[in-house]
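Have a look at the structure below before the remarks.
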Amino acid sequence: MTWESIERLKTAAERNALAISEVKAAGRKVVGLYCLYSPAEIALAAGAVPVVLCGTRNDPIATAEQVLPRNLCPLIKSSFGFAMEGSCPYLSAADLVVADTTCDGKKKMFELLGEMKPVHLLHLPSTPSEEALPFWREQLSGLVKRVESDFGVTITDQNLTDAIKLANRERRALKALMDLPQMEPAPVTGMQMLEMLFKLGFFADRETIIELAEGVVNEVQAAAKAGTLPERKGGPRILLTGVPVGMGSHKVVRLIEECGGQVVCMENCTGYKKADLVAETGDPLTALARRYLSTPCSVMAPNQGRFDLLEQLVADFRPHGVVDLTWQACHTYNVEAYKVRNFLRDKFDLPSLHIETDYSEADAEQLKVRIEAFLEMIG
Amino acid sequence: MPVARLVAGVDVGSTAAKAVVLDTASRAVLGVAVTPTGWNPRETGQAVLDAALREAGTGIDRVVRVVGTGYGRISLPFLHRTVTEITCHARGAHHLAPDTRTVLDVGGQDSKVVAVDERGNVRDFVMNDKCAAGTGRFLQVMTGVLDMTLDEMGDAALRGTPMPLNSMCAVFAETEVIGLIAQGVSKDDLAASIVASVARRLKALTGRVPLVPGCAFTGGLATNPAFARIFSATLGLAVTVSDMPQATGALGAALIAAQDVAVGGAGGV
Ligand code: SF4
Ligand code: SF4
């Protein structure tokens, strides 16, 4: 399936690395974010450019293993390997890196990263409760002060509220994009969606992100209205849940679609977990604290939010099966997989397949057998 | 009388290749062949199909559809379609014993537990393919260490008393066993320990897909009754050796071919 608007997005993204250096040359600051718990709004409110640094490629992992243990999540190793090699233009451009104490591997990796880059560590509570909220708000307020002093700026409540409104517009555009595969058959493949979401994360200008995402939504919706959607063979609809995926760590999405499935929704940090809005009224830091703390990641105990989100997505996307992806050595997602599987079975009679893998291609053939068998089972 | 139309299933696994020839209408098994997988899965697949056809006293010209399975399936040029070994084992085991509700398959490269419904369809499955421990590969390595055949190992294991092997990994378990040999532990006890460690690995799989009565044991290991006895004891449930333990997957593939023909999917070779 080719869409002109998707081609436009991909072409525009080719300039991203260059654009970041131009933005820096023009005197703007760049803030690197590793995790969905770090509010991009604080960077935006300071007039800085937020970029996502989460490592999704396999090649820097060998470098990282010179320092980090092998038996560690590939996302952590990839992120750290990029830092050691200096091979990620976005990390090189970052004036400040915001890190969160999420899982054990990540927070200890950030200590080492701090020897190479200015890192501001946010102490994330391990529960998304009301009691934890004031503490988390204090952490965000500490980040505001750090950004103010590092960048020599003042961040007002009005700046924060404006940033929230801008980020919400981006969220609405991304949600509309991610909602397109609710159509049957899905008008874009899971791989196309993954590539778009990934590339949109590196644009220096938020308005460009919004415009490009809306461009795809408008083109596809217009075709749907006119009845000119391209012919596409259906295949079982798959909801992907679990760890973040990006270009370079897209193996399982690719295999599902090569075996004839359609990945229609991604319940993860690179997908639907981004879509939740921040309240635009009231104290902006409290609104940010509330929204970000409620990110339904498995590092939270309990993590009821993930089950609520899954329930909503099952209703909206009508999947035939769920693939639950865990990166090797990610204990929190790995343990939670048991609950996810039972929840889907007991509540919706929905079959699921749990896959534990890394970024390498070594197990691709074995995974294919399981995925094919799963699709045969639900097909 | 019209000439019976035939179908075939070919399963090229990591250690053995199997083929089954069926009569499409009656589903009667006319020919079965099992050969070791050589270094060329494509030639092996062709050879095992030829052998099964010879046993059936017929030729490829009578075969209207061939379905392939097993890890070597992608390299077979004569197939009409491929289906995974998980689906094929379920179908084959259910055909041989209609009350089958779980299939325990221990193959050369992986092991799996498959939950099967009343119609022979897969309901759920879990697979160990990451780690050699808990597969036929582990036992094969250990036969080398103990200098006995797989059959001898099964018999020795029945005589011996198992003791725990601590290593989680096949490579380290080998080192551990070599150490125990040096300490003078008997071969029977070692064989028992090794088979028990595989059984414990299999038991770990059943946390996700529980074994329920009507458990068919398939795969090359099932040809020796000693293994079924030890696994039954460890798993706390009678595992019944399938009637065609090695060729269950090939049978399933042939049954799927026959079903395809019945619903009008035959292409002719
Ligand atoms: S999965 Fe959890 S720890 Fe990882 S990026 Fe997402 S929110 Fe952060
Ligand atoms: S995938 Fe798991 S182990 Fe890896 S960074 Fe995220 S929470 Fe940590």
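We did not get these values from a lab; they are worked out from the coordinates using the rules stated. Everything numeric here is computed off the predicted structure, so don't read it as measured data. When we count neighbours, we look across all protein chains shown, and the Cβ atoms used for this are built from the backbone with ideal geometry, even at glycine.
Could you tell me whether B:Gly72 is out of contact with any strand residue (DSSP E or B) (no Cβ under 8 Å at 6 or more places or on another chain) and either away from every other protein chain (no Cβ under 14 Å) or under 23 Å from B:Met127 (Cα atoms) (or both)? Spelling it out, it is not the case that B:Gly72 is out of contact with any strand residue (DSSP E or B) (no Cβ under 8 Å at 6 or more places or on another chain) and either away from every other protein chain (no Cβ under 14 Å) or under 23 Å from B:Met127 (Cα atoms) (or both). More than 9 Å from chain B (Cβ to nearest Cβ), within 26 Å of B:Gln109 (Cα to Cα), of a type in the set (Val, Ile, Thr) and crowded, with 20+ Cβ neighbours inside 10 Å, is that true of A:Ile378? Against the criterion (more than 9 Å from chain B (Cβ to nearest Cβ), within 26 Å of B:Gln109 (Cα to Cα), of a type in the set (Val, Ile, Thr) and crowded, with 20+ Cβ neighbours inside 10 Å), A:Ile378 does not qualify. Taking the criterion of being of a type in the set (Asp, Glu) and under 20 Å from A:Gly242 (Cα atoms), the residues of the stretch A:259-292 that qualify are A:Glu267, A:Asp276. Within the stretch A:62-91, the set of residues being in contact (Cβ under 8 Å) with a residue 60 or more places away in the chain, more than 16 Å from ligand 1 (Cβ to nearest atom) and under 20 Å from the mean Cα position of the chain (by Cα) comprises just one member, A:Pro89. When the stretch B:232-247 is filtered for residues that are closer than 18 Å to B:Val212 by Cβ, touching a strand residue (DSSP E or B) at 6+ places or on another chain (Cβ under 9 Å) and among the polar types (S, T, N, Q), the ones remaining, listed by number, are B:Ser232, B:Thr240, B:Ser242.
Considering every residue within the stretch A:256-269, establish whether at least one is within 16 Å of ligand 2 (Cβ to nearest atom) and either part of a loop (DSSP other than H, G, I, E, B) or free of Cβ contacts under 8 Å to residues at least 24 places away in the same chain (or both). Among the residues of the stretch A:256-269, at least one is within 16 Å of ligand 2 (Cβ to nearest atom) and either part of a loop (DSSP other than H, G, I, E, B) or free of Cβ contacts under 8 Å to residues at least 24 places away in the same chain (or both), which makes the answer yes. How many residues does the stretch A:345-359 contain that are assigned to a loop (DSSP other than H, G, I, E, B) and under 10 Å from A:Gly321 (Cα atoms)? Total meeting the criteria: 3. Taken residue by residue, the stretch B:75-86 has no member that is among the hydrophobic types (A, V, I, L, M, F, W, C), away from chain A (no Cβ under 12 Å) and under 12 Å from the mean Cα position of the chain (by Cα). Among the residues making up the stretch A:92-114, those that are among the acidic types (Asp, Glu) and either free of Cβ contacts under 8 Å to residues at least 24 places away in the same chain or within 14 Å of ligand 2 (Cβ to nearest atom) (or both) are A:Asp100, A:Asp104, A:Glu111. Which residue, of B:Val114, B:Val67, is within 14 Å of chain A (Cβ to nearest Cβ), within 15 Å of the chain's Cα centre (by Cα), part of a strand (DSSP E or B) and not aromatic (Phe, Trp, Tyr)? Going through B:Val114, B:Val67 in turn, just one is within 14 Å of chain A (Cβ to nearest Cβ), within 15 Å of the chain's Cα centre (by Cα), part of a strand (DSSP E or B) and not aromatic (Phe, Trp, Tyr): B:Val114.
So for the stretch A:10-32 (the condition being more than 14 Å from chain B (Cβ to nearest Cβ) and within 16 Å of ligand 2 (Cβ to nearest atom)), does at least one residue qualify? Among the residues of the stretch A:10-32, at least one is more than 14 Å from chain B (Cβ to nearest Cβ) and within 16 Å of ligand 2 (Cβ to nearest atom), which makes the answer yes. Candidates in the stretch A:271-305 are the residues that are polar (S, T, N, Q), within 17 Å of the chain's Cα centre (by Cα) and within 16 Å of ligand 2 (Cβ to nearest atom); of these, the one that is nearest to the other protein chains (Cβ to nearest Cβ) is A:Ser298.
Conditions (1) more than 14 Å from every other protein chain (Cβ to nearest Cβ); (2) surrounded by 18 or more Cβ atoms within 10 Å (Cβ to Cβ), marked per residue:
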residue: A:Ala315; (1), (2): yes, no
residue: A:Ala329; (1), (2): no, yes
residue: A:Tyr333; (1), (2): yes, yes
residue: A:His354; (1), (2): no, yes
residue: A:Ala362; (1), (2): no, no
residue: A:Lys368; (1), (2): no, no
